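Only one structure is covered here, and it is reproduced in the block below.
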Amino acid sequence: MKNFIILAITFLTTAFRVAAQTNYYVDKANGNDLNNGTSLATAWKTIQKACNAATPNSNVQIKAGTYNENIIVNVNGTAGNPITFRNYVNDVVLIDGTGTLGTTMLKLTNKNYLNFQNLTIQNLTVNNAQGILIETTGANTSTTLLFKNITIKNINWINNSATIPTSGDNAQGLIAFGRDGGITNITIDSCQIFNCILGFSEAVSLDGNVNGFKIKNCQVHDNTNIGILIAGNYNVSSNPVTDHARNGLVNNNICYRNVSLYATSAGIYVDGGKSTLVEKNMSYENGTGIEIGCEENGTTDSITVKNNLIFNNQVTGLYVGGYTTLTTGQVLNSVLRNNTLFQNNSINDGTGELAISKASNCKFENNVFYTNNQNVLMNVDNISPQTNNTLNYNCWYTSLADSNNITVNWKTLTYTSFSSYRTGTAQESNSIYNKPMFVNPTFPAPDLHLLSNSPCINKGNPTTLISNGETDYEGNMRIIGNLLDIGAYEFNNALGINNTDRDKTPFVVYPNPFSSVTTVSFNTELKNATLEIYNMEGQKIKIIQNIYGRQTILNRSNLLEGIYFFKIVDDNSNFMNGKLIIGN
């Protein structure tokens, strides 16, 4: 028995040693790549050295500094033993392309089980510039990659954003190419991609054989083309069956001012993707709010767009369908429900809130469509195929409040009243034309919660299939009361979310208390703000930098349950402080 106990203790001790994580250190100011990297005193000098030498189940901690490197990752973690590359404590780590000779700042080819956290990638101007490139080659595979709290900015094909590009002019903030072997389980969380001159490319793009992904809690803004792209049908994978980014989630992102000079660019665009959920995003001041399209031969299939806020985009709020007879491309079997669209088409070209083209078996229900004073509700192109699309249980409204003075361009016909549109198309039998009664329907930061007298409350389709545990845009249960509401917000008076005085305060945190994610909305435009979080003892425990615009998403990360305080300071001399409450 004694021998057994000794053997057991020996086994457990050995197992503990095997499971212990190795810490490596990088310090540009004091390190040397000839060191072993295992302490601050023997730190490596370059991130490239860490990407050549780090071992599975290790944590590479990078000291503050500006690292002018084009980095190629040459190591892999293993299942359960990833390699993490991150900043040291709260240090600011800048991977800067100034003076470098490459076209890619961080390159991962056929890599597995790697995490990158709390890093900034910036300042690369060259044609075909890439902030982060993830790719597989041939039949090789890649799996389980995490990019969290990564800032990517100033990745440009040229330094003049007013230059109109051609198809050969490109830059990409973060791009993943899944070739034949494919990429699985990639997560992009709480990242910010902004101020990139993209040419014909996108700020964030997943293309080809990418199976299983999450893009969440990110801010993508002020770029010169599409914000987030989920793509397929471009022969990235030689097998047409797998040549689709698929089985993915795009949620809790804020996309704004992603505007192209040469085409209409969406805040979020699914083009050839499949089986993807686009949920609880805010998209505003882009070319188009959200587009589900199909530009190439093939299909975009089984996309769900729900609980999103879409407002003040230049052209239409929501576009669905392939758009040319030159390809077979069309959108199939997609559901677009419980979204709130408010006064899109800011350039007033008559495209309205909703545009439909080559799409079949798609369902549009429980949405709020509130147009600007052009009174154009929607445009449906006269292009085939279009079969079995249904619109119902929506709330429509125009700024002029006249249901007999609207425009619906339906293929070859134009309807000028809501009743004639319903009768002529045999659609919208349970839809309403009525003012949705928002808390504050004014720009630049509208509050699109429903007031207690809203006609949208309990008027959604009673047969709508709600996913298990589904919540609205704000995180409330999707059904409160008898039936679900129309729009992205579910009315809940008990939470006090209809306080019309909220716009008198400099910011709103909602939900608060929160368990995982909350949104901080500001009544002024922030520029390069920093948010600092303090515990009850006054110790600074978290810093979030490079906040721009009127909203930021705050992820709980590793914060424990309790009460915290925050402070915000920006370049426009805005100062704010408040309280956060984290619950279970």
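The values are calculated or read from the model by the stated rules, or taken from the named source; none is laboratory data. Because the structure is a prediction, the values reported are computed rather than measured. Don't worry about glycine lacking a Cβ; one is built from the backbone with ideal geometry, like all the others, and counts go over all protein chains shown.
For LEU108, the criteria (1) surrounded by fewer than 24 Cβ atoms within 10 Å (Cβ to Cβ); (2) under 22 Å from VAL26 (Cα atoms) hold in every case but one, which is (1).
Residue-wise test of (1) of a type in the set (Gly, Ala, Ser); (2) touching a Cys at 6+ places or on another chain (Cβ under 9 Å); (3) crowded, with 20+ Cβ neighbours inside 10 Å; (4) under 22 Å from THR66 (Cβ atoms).
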| position | (1), (2), (3), (4) |
| --- | --- |
| ASN128 | no, no, no, no |
| ASN154 | no, yes, yes, yes |
| SER161 | yes, no, no, no |
| ILE164 | no, no, no, no |
| SER167 | yes, no, no, no |
| PHE177 | no, no, yes, no |
| GLY181 | yes, no, no, no |
| ILE186 | no, no, yes, no |
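If a residue must be free of Cβ contacts under 8 Å to residues at least 12 places away in the same chain and crowded, with 16+ Cβ neighbours inside 10 Å, how many such residues does the stretch 421-435 contain? Walk me through it before giving the result.
Narrowing the stretch 421-435 to residues free of Cβ contacts under 8 Å to residues at least 12 places away in the same chain: 422-423, 426.
Restricting the remaining residues to those that are crowded, with 16+ Cβ neighbours inside 10 Å gives 422.
Qualifying residue count for the region: 1.
The set of residues from the stretch 316-345 being among the hydroxyl-bearing types (Ser, Thr, Tyr) and either free of Cβ contacts under 8 Å to residues at least 40 places away in the same chain or more than 25 Å from HIS449 (Cα to Cα) (or both) comprises TYR323, THR324, THR325, THR327, THR328, SER334.
Is there a residue in the stretch 302-315 that is within 17 Å of GLY227 (Cα to Cα) and small (Gly, Ala, Ser)? No, the stretch 302-315 contains no residue that is within 17 Å of GLY227 (Cα to Cα) and small (Gly, Ala, Ser).
Taking the options ASN209, ASN225, ASN195, name whichever one is touching a Lys or Arg at 6+ places or on another chain (Cβ under 7 Å) and closer than 18 Å to ASN258 by Cβ. Explain how you work it out, then say what you get.
Details: ASN209 fails: closer than 18 Å to ASN258 by Cβ; ASN225 fails: touching a Lys or Arg at 6+ places or on another chain (Cβ under 7 Å).
Step by step, each of ASN209, ASN225, ASN195 is checked, and only ASN195 is touching a Lys or Arg at 6+ places or on another chain (Cβ under 7 Å) and closer than 18 Å to ASN258 by Cβ.
Please tell me if PHE364 is touching a residue at least 12 places away in the same chain (Cβ under 8 Å), over 26 Å from ILE479 (Cβ atoms) and either buried (at least 16 other Cβ atoms within 10 Å of the Cβ) or hydrophobic (A, V, I, L, M, F, W, C) (or both). Judged against the criteria, PHE364 is not a match.
Could you go through the stretch 389-398 and let me know if any residue there is surrounded by fewer than 18 Cβ atoms within 10 Å (Cβ to Cβ) and part of a loop (DSSP other than H, G, I, E, B). Checked against the condition, which is being surrounded by fewer than 18 Cβ atoms within 10 Å (Cβ to Cβ) and part of a loop (DSSP other than H, G, I, E, B), the stretch 389-398 yields no hits at all.
Summed over the stretch 22-78, the residues that are within 23 Å of THR136 (Cβ to Cβ), assigned to a loop (DSSP other than H, G, I, E, B) and of a type in the set (Gly, Ala, Ser) give a count of 2. Scoring ASP243 on the criteria (1) over 17 Å from the mean Cα position of the chain (by Cα); (2) among the charged types (D, E, K, R); (3) under 25 Å from ASN546 (Cα atoms) leaves a single failure, condition (3). The residues listed here are SER384, SER346; of these, the one that is in a loop (DSSP other than H, G, I, E, B), modelled with pLDDT under 95 and out of contact with any Cys (no Cβ under 6 Å at 6 or more places or on another chain) is SER384. Here VAL220 meets the list (1) in contact (Cβ under 8 Å) with a residue 60 or more places away in the chain; (2) β-branched (Val, Ile, Thr); (3) in a strand (DSSP E or B) almost entirely, failing just condition (1).
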